[in-house]
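Written below as structure tokens is the structure these notes are about.
The values are calculated or read from the model by the stated rules, or taken from the named source; none is laboratory data. Since the model is a prediction, treat every value here as computed from it, not as a measurement. All Cβ positions, glycine included, derive from the backbone under ideal geometry; neighbour counts span all protein chains shown.
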Amino acid sequence: MARVKRISDELYGFIRLNEYETRIVDLPVIQRLRRIKQLSTANMVYPGATHSRFSHAVGSMHLMGQIASKLAEDGFIPRDDVELLKVAALLHDAGIFPYTHALEPLYLQSSGGAASTRHLFRRILSRTEVRDRLEANGFTVDEVEGLVEGSHREKLYVRLLNGDLGVKRLDYLPRDARHTGVAYGLIDVGRIVETITVDDEGEPAVPTKSLQAAENFYVARLHMYQAVYYHKTIIGYEILLNAIFERLAEEMEGFKETLSTSWLDRLVDTGLVAYWDDYWVHSKLYQALEDEDVSGETKRMIKMFLDRRGLKVLVDISRLSNEKSSEEDYRRLREYRERALEKAPGSAIYPFADDIPVSGEQPAKILLKNGRSYPITSQELGALPSYMPKYYLVLRLYVDPLYKDKLSDLAL
């Protein structure tokens with residue numbers, strides 16, 4: 001009799017995994033995701049935000065199973081591809097770094113762009129037991145990699161995973177809202193799942209009766225960008241952790257090597273990548289506190305992070321806009337930084353800038369009763385997202401709290 005695993009999930013109740021899916025979930029490299037927080041440093045602001053990448057991976061697989069099974073029943077995709085789509089959804093975060101994306105910029109900088117989440121994902125798929133599990137069911141590393149990275153020949157499948165109404169976003173928005181308590185991050189996932197279909201161009205679409213659910217997705221995502229994902233305090237702790245690791249690379253013997261592509265490759269090849277998680281990050285922080293070669297300043301910063309005494313926002317000129325950040329925006333930020341440098345050292349000042357698409361790069365499509373479909377952002381449709389700003393521009397200047405009072409006259 002086939003073995004079935006049931007996982008109790010806070011959003012969906014019991015999630016059923018068949019024997020094949022269970023064999024993948026039980027791999028150490030996937031169990032690693034239990035020890036990586038979904039929202040990095042968000043628990044510094046929202047204490048309940050300690051949920052894991054594992055719950056998101058399993059939840060994404062569950063939603064993909066529901067959607068793909070419906071589309072298979074409707075004749076849009078072969079029944080044999082349902083399992084492939086579920087496995088791709090389950091594995092999509094296999095290469096995630098500890099503390100999610102907080103440390104990846106430092107790895108990219110140290111390795112010339114080579115040590116990335118994408119690189120680690122490819123290595124894990126091709127050099128661990130994951131490959132054996134995939135091939136045991138007739139799947140290949142290339143097709144799963146293509147689904148996750150967006151290069152798969154079936155663009156419908158890519159959109160089901162990565163599109164605006166793809167299962168990744170349909171899972172993490174309500175999951176993150178649940179754990180942060182941000183109620184306006186909730187969306188009607190059930191209606192979208194039950195009504196999703198495929199339009200004449202072979203792309204996923206929802207009918208007009210689900211337009212409000214799709215609109216609510218965009219409103220919820222915008223609010224979550226502002227209240228959670230780019231919350232000033234949460235970003236401040238990510239910047240601080242990054243700065244600490246940059247200093248440890250210079251001060252702690254052998255630490256710089258851990259920021260290289262070759263080190264990540266060895267982790268995968270030896271199987272130790274299964275234990276490269278948030279706890280590993282904390283072990284390095286604790287080790288540094290006892291290391292005589294680590295400077296007092298770096299140890300102070302580590303204690304800031306652990307004791308929740310993070311960076312402070314000195315200047316915040318973030319806004320919603322239909323255009324990306326302009327040279328004028330960057331000039332203003334540079335000007336504030338230069339003025340701050342008159343009273344504080346450069347090591348205490350941290351500029352941050354990012355342009356976040358609000359309307360989406362792969363917008364949801366709405367299927368009209370006449371059989372035509374339109375992106376939800378199109379003027380022809382006249383839906384809410386077409387009137388929303390295209391970008392959320394985040395432009396801030398953070399400062400070490402030691403210097404906040406000295407720079408209070410610059411505060412914005």
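Specify the residue that is surrounded by the most Cβ atoms within 10 Å (Cβ to Cβ); the eligible residues are those in region 189-240 that are more than 25 Å from Y350 (Cβ to Cβ) and of a type in the set (K, R).
R221
Would you mind stating whether S359 is under 30 Å from P389 (Cα atoms), in contact (Cβ under 8 Å) with a residue 60 or more places away in the chain, polar (S, T, N, Q) and crowded, with 19+ Cβ neighbours inside 10 Å?
yes
With out of contact with any strand residue (DSSP E or B) (no Cβ under 9 Å at 6 or more places or on another chain) and at pLDDT 95 or above as the only criterion, which of R191, R169 stands out?
Checking each option against the conditions leaves just R169.
Having 2 or more residues that are out of contact with any Lys or Arg (no Cβ under 7 Å at 6 or more places or on another chain) is the bar; report the strands (runs of 3 or more DSSP E) wholly within region 345-393 that clear it.
The qualifying strands (runs of 3 or more DSSP E) are 349-357, 365-367.
Among the residues of region 123-135, which ones are among the basic types (K, R) and either buried (at least 19 other Cβ atoms within 10 Å of the Cβ) or closer than 11 Å to D269 by Cα (or both)?
Answer for region 123-135, where residues must be among the basic types (K, R) and either buried (at least 19 other Cβ atoms within 10 Å of the Cβ) or closer than 11 Å to D269 by Cα (or both): R123, R127, R133.
Return the residues of region 27-84 that are in contact (Cβ under 8 Å) with a residue 40 or more places away in the chain and β-branched (V, I, T); say none if nothing qualifies.
V29, I30, I36, T41, V45, T50, V58, I67, I77
What's the number of the only condition in (1) under 17 Å from the mean Cα position of the chain (by Cα); (2) more than 23 Å from A274 (Cα to Cα); (3) of a type in the set (D, E) that D93 fails to meet?
Here D93 meets the rest and fails (2).
Search region 149-185 for residues being of a type in the set (V, I, T) and in a helix (DSSP H, G or I), and hand back the single one that is surrounded by the fewest Cβ atoms within 10 Å (Cβ to Cβ). Quick ask: steps written out before the conclusion?
Within region 149-185, the subset of a type in the set (V, I, T) is 158, 167, 180, 182.
Narrowing the set further to residues that are in a helix (DSSP H, G or I) leaves 158, 167, 180.
Details: V158: 21, V167: 28, T180: 23.
Checking each candidate, the answer is V158.
How about region 361-377: which of its residues are out of contact with any Asp or Glu (no Cβ under 9 Å at 6 or more places or on another chain) and of a type in the set (S, T, N, Q)?
N370, T377
For region 371-387, name all the residues that are closer than 24 Å to Y230 by Cβ and either surrounded by fewer than 20 Cβ atoms within 10 Å (Cβ to Cβ) or hydroxyl-bearing (S, T, Y) (or both).
T377, L384, S386, Y387
Collect the residues in region 204-228 that are closer than 21 Å to D316 by Cβ and either in contact with an Asp or Glu (Cβ under 8 Å, 6 or more places away or on another chain) or not in a helix (DSSP H, G or I) (or both), keeping them in residue-number order.
Scanning region 204-228 gives M224, V228.
Name the pairs: first residue in region 171-186 and at positive phi, second residue surrounded by fewer than 22 Cβ atoms within 10 Å (Cβ to Cβ) and among the aromatic types (F, W, Y), Cβ to Cβ under 9 Å, at least 6 apart or on different chains?
The qualifying pairs are G181/Y46.
Please go through region 272-324 and give me each residue that is over 30 Å from R221 (Cα atoms) and among the polar types (S, T, N, Q), ordered by number.
S283, Q287, S295, T298 - these are the residues of region 272-324 that are over 30 Å from R221 (Cα atoms) and among the polar types (S, T, N, Q).
So which helices (runs of 4 or more DSSP H) are wholly in region 1-112 and hold at least 2 residues that are in the same structural domain as H152 (by TED's automatic domain parsing) and in contact with a Ser or Thr (Cβ under 7 Å, 6 or more places away or on another chain)?
It comes to 81-91, 104-111.
Filter region 47-104 down to residues that are buried (at least 21 other Cβ atoms within 10 Å of the Cβ) and among the β-branched types (V, I, T), then give me how many there are.
Residues meeting the conditions: 5.
If I filter region 283-339 down to residues being aromatic (F, W, Y) and over 23 Å from K390 (Cα atoms), which single residue comes out as nearest to the chain's Cα centre (by Cα)?
Among those that are aromatic (F, W, Y) and over 23 Å from K390 (Cα atoms), it is F305.
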